[in-house]
Amino acid sequence: MTDEEFERAIEEALDGMPEQFLDALDNIAIVMQDEPDDDQIDAVADDAPGGAVYGNELLGLFDGLSLVERADGFDDDTPDVITIFKGPHERSFPEHATLVAEIRKTVVHEIGHYFGLDDDRLHAMGY
């Protein structure tokens, strides 16, 4: 899958989300990265919330404060970041249709972290 196709799959995942969720996204960047770096892998290894993992592959990562955490009055101009990792997706899901479906699941999973959902709840929801 080319970078453009991968980015388009991310965009399609966002387009498929209900409008009220998209409207609630504020000061957040959603980016594609080929591979997670050591700091991103360490964040998930340290049980920090916000990572989508399949086997030993890090598929996505939410780096920021959830809306629940912001309710305490946190105000910062630095955007939160959701990163979707291309290489781990391609290794884990070689069939094109499955790959696109899993990109969508990862995007929704990471947005769920933004809204304050933990991994247990997201997994129970199928993400």
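The values are calculated or read from the model by the stated rules, or taken from the named source; none is laboratory data. Every value quoted in this text rests on a predicted model; they were computed, and no experiment measured them. Cβ atoms come from the backbone with ideal geometry, glycine included; neighbour counts cover every protein chain shown. Keep in mind that these areas ignore ligands, DNA and RNA; they rest on the heavy atoms of the full protein, side chains included. Shrake-Rupley method; radii C 1.70, N 1.55, O 1.52, S 1.80 Å.
Structure above, values below:
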{"item": "Globularity ratio of the chain, using Cα Rg and 2.2 N^0.38 Å", "result": "1.01"}
{"item": "Taking the convex hull of Cα positions in region 73-127, its mean projected area over all directions (nm²)", "result": "4.8"}
{"item": "Carbon and sulfur %, accessible surface of the chain computed with the full protein complex present, 1.4 Å", "result": "47"}
{"item": "Pair V68, E12: separation of 7 Å Cα→Cβ label points (nm)", "result": "3.2"}
{"item": "Amide proton proximity set for I30, modelled H, under 5 Å, gap of 5+", "result": "I82"}
{"item": "Net charge over other residues, Cβ less than 9 angstrom from the Cβ of M32 (K, R count +1; D, E count -1)", "result": "-2"}
{"item": "Charged-residue dipole, Cβ positions (Lys, Arg, Asp, Glu), the chain about Cα centre, Debye nearest 20", "result": "560"}
{"item": "Inter-label distance for R91 and E5, nm, one decimal - labels placed 7 Å from Cα along Cα-to-Cβ", "result": "2.0"}
{"item": "Vicinal HN-Hα couplings computed from phi for region 91-99 (Karplus, 6.51 cos²θ - 1.76 cosθ + 1.60; Hz; Gly/Pro x)", "result": "5, 7, 9, x, 6, 4, 4, 5, 4"}
{"item": "Top of E19, E57, E90 by mean-square fluctuation, Gaussian network on the chain, Cα under 10 Å", "result": "E19"}
{"item": "Burial order of peptide ranges 32-41, 112-121 (average beta-carbon count within 10 Å, highest first)", "result": "112-121, 32-41"}
{"item": "DSSP-defined antiparallel bridges as percent of all bridges, the chain, nearest 5", "result": "55"}
{"item": "Residue-normalised accessible area of the chain, expressed per residue, 1.4 Å probe, Å²", "result": "57"}
{"item": "GNM flexibility winner over the chain from L65, L22, L99 (Cα, springs under 10 Å)", "result": "L22"}
